[in-house]
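J.: Take this structure first; my questions come after.
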Amino acid sequence: MTKTTPTVLVTRRLPSAVLDQLAQSCAVDLHAGTDDLPHDALCARVHGKDGLICMFNDRIDASVMDAGDSLRVIATVAVGFDNIDVEAATARGIVVTNTPDILTGATAELTWALILSVTRRVGEADRAVRSGAWAGWTFDFMLGSELRGKQLGIVGAGRIGRAVGAVASAFGMRTVFAAKPGVTGNAPSDEEVVSLDELLLTSDVVSLHLPLNPSTRHLINRRTLARMKRSACLINTSRGPVVDEEALAWALDERLIAGAGLDVFEDEPHVHPSLLTRENVCLTPHIGSATRETRGAMAGLAVRNVVDVLGGRGALTPVNG
């Protein structure tokens, strides 16, 4: 390769076919370890790089951009980009890209897996069988709750929220969307839009599909949890800090809600200790987009964004213009 070949730092291993595609036009510096790349190491390795492909849990702040004084593009392999200081990138002329839409179906599927796991006590039942606690069929053992005739409340009517709502009728559920300015978008015309308070008061399942920003951080807190039905469950497949985990633990302790299904957490990979011991809480390790098809497509889109920007073309999915 010549000296004019652009160089790209990749903070996690990607599928080999995708890395091969990147290597056709760029020199690749891959962090191949399984651990996160520490922030100081990230700053050191980004020096002299033209592009950066990162993950949602890499903190890409102004110090990283200053260290990467040759950066022209930052591509996150995620739909959310709250880990990137987009304003700082824009001020430095750095293009920021994400991978929207690709993970919609996979995340919607996991949302329904969590809903069913909580309402039908799937995780608890599995543990009972494995531990030998199941002594045989009885009429009232491990009773759950049916979805038919219940209300699904969706907070966040973006691509994923709409995809989740589209499945609800198959379970005989009514769907409503929260009308909270700045975080929900426009609900489908054939669905009902209600206030956030009304959604919390009337829904049997509350599912969160929000970006993380100052207006959504701890949107679910003691006050909002206290508004929910005691028979309701909370599902979060968006961003962990949208839910105040301390408040959620309190609400479960006080039996203010019936259960929760969480794929994301406030301080990943750490989880509030009280949630770890509860049978009425289903916990998954941030696997909303974790299918071979989706993760491969996300990585491929991130690489195409980098290659296009470094090749003098516009990004396919730019965040900042």
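The values are calculated or read from the model by the stated rules, or taken from the named source; none is laboratory data. Since the model is a prediction, treat every value here as computed from it, not as a measurement. Here the Cβ positions follow ideal geometry from the backbone for every residue, glycine too, while neighbour counts run over all protein chains shown.
J.: Go through the range 34-49 and report how many residues are under 26 Å from the mean Cα position of the chain (by Cα), within 25 Å of Thr4 (Cα to Cα) and either at pLDDT below 95 or surrounded by 15 or more Cβ atoms within 10 Å (Cβ to Cβ) (or both). Even if it seems obvious, please write down each step before you answer.
T.: First, pick out the residues of the range 34-49 that are under 26 Å from the mean Cα position of the chain (by Cα): 34-43, 46.
Next cut, within 25 Å of Thr4 (Cα to Cα) only: 41-43, 46.
Pick out the ones that are also either at pLDDT below 95 or surrounded by 15 or more Cβ atoms within 10 Å (Cβ to Cβ) (or both) and you get 42-43, 46.
Residues that pass the stated criteria total 3.
J.: In a helix (DSSP H, G or I), farther than 15 Å from Leu114 by Cβ and more than 16 Å from the chain's Cα centre (by Cα), is that true of Leu225?
T.: yes
J.: Could we say that Val129 is surrounded by 18 or more Cβ atoms within 10 Å (Cβ to Cβ), more than 16 Å from His209 (Cβ to Cβ) and out of contact with any His (no Cβ under 7 Å at 6 or more places or on another chain) here? Before you say what the answer is, go through the steps one by one.
T.: Working: surrounded by 18 or more Cβ atoms within 10 Å (Cβ to Cβ): no; more than 16 Å from His209 (Cβ to Cβ): yes; out of contact with any His (no Cβ under 7 Å at 6 or more places or on another chain): yes.
Judged against the criteria, Val129 is not a match.
J.: So in the range 291-316, with the set limited to residues that are assigned to a loop (DSSP other than H, G, I, E, B) and either assigned by TED's automatic domain parsing to the domain that holds Leu212 or not aliphatic (A, V, I, L, M) (or both), which one is surrounded by the fewest Cβ atoms within 10 Å (Cβ to Cβ)? Even if it seems obvious, please write down each step before you answer.
T.: So the first thing to find is which residues in the range 291-316 are assigned to a loop (DSSP other than H, G, I, E, B), and the list is 291, 311-316.
Remaining after also requiring either assigned by TED's automatic domain parsing to the domain that holds Leu212 or not aliphatic (A, V, I, L, M) (or both): 291, 311-314.
Values: Thr291: 16, Gly311: 10, Gly312: 6, Arg313: 11, Gly314: 10.
Only one residue fits best here, namely Gly312.
J.: In the range 88-98, which residue that is assigned to a strand (DSSP E or B) and of a type in the set (A, V, I, L, M, F, W, C) is surrounded by the most Cβ atoms within 10 Å (Cβ to Cβ)? Break it down stepwise before answering.
T.: Quick first cut of the range 88-98, residues assigned to a strand (DSSP E or B) only: 95-97.
From what is left, the residues that are of a type in the set (A, V, I, L, M, F, W, C) are 95-96.
Numbers: Val95: 23, Val96: 25.
Among them, the one singled out is Val96.
J.: Still on this structure, please answer the following. Can you tell me which residue is modelled with the highest pLDDT among those in the range 17-33 that are small (Gly, Ala, Ser) and assigned to a loop (DSSP other than H, G, I, E, B)? Before the answer, list the steps.
T.: Here is the first cut: in the range 17-33, the ones small (Gly, Ala, Ser) are 17, 23, 25, 27, 32-33.
Filter again for assigned to a loop (DSSP other than H, G, I, E, B), leaving 25, 32-33.
Details: Ser25: 96, Ala32: 89, Gly33: 83.
Once the filter is applied, the top-ranked residue is Ser25.
J.: Return yes when Val46 is touching a Cys at 6+ places or on another chain (Cβ under 7 Å), touching a residue at least 12 places away in the same chain (Cβ under 8 Å) and among the aliphatic types (A, V, I, L, M) and no when it is not.
T.: no
J.: Between a residue in the range 256-275 that is closer than 16 Å to Ile287 by Cα and any residue that is surrounded by 17 or more Cβ atoms within 10 Å (Cβ to Cβ) and small (Gly, Ala, Ser), which pairs come within a Cβ distance under 7 Å, given they are 6 or more apart or on different chains?
T.: Gly261/Ser117; Asp263/Gly288; Val264/Ser238; Val264/Gly240; Phe265/Gly240; Glu266/Gly240; Glu268/Gly240
J.: A follow-up question, please. Among the numbered criteria (1) touching a helix residue (DSSP H, G or I) at 6+ places or on another chain (Cβ under 6 Å); (2) assigned to a loop (DSSP other than H, G, I, E, B); (3) within 26 Å of His209 (Cβ to Cβ), which one does Asp58 miss?
T.: Only one criterion in (1) touching a helix residue (DSSP H, G or I) at 6+ places or on another chain (Cβ under 6 Å); (2) assigned to a loop (DSSP other than H, G, I, E, B); (3) within 26 Å of His209 (Cβ to Cβ) is unmet by Asp58, namely (1).
J.: I've got another one for you. Please state which one of Asp36, Asp40, Asp101 is free of Cβ contacts under 8 Å to residues at least 12 places away in the same chain and either among the acidic types (Asp, Glu) or assigned to a helix (DSSP H, G or I) (or both).
T.: On the way: Asp36 fails: free of Cβ contacts under 8 Å to residues at least 12 places away in the same chain; Asp101 fails: free of Cβ contacts under 8 Å to residues at least 12 places away in the same chain.
The unique qualifying residue is Asp40.
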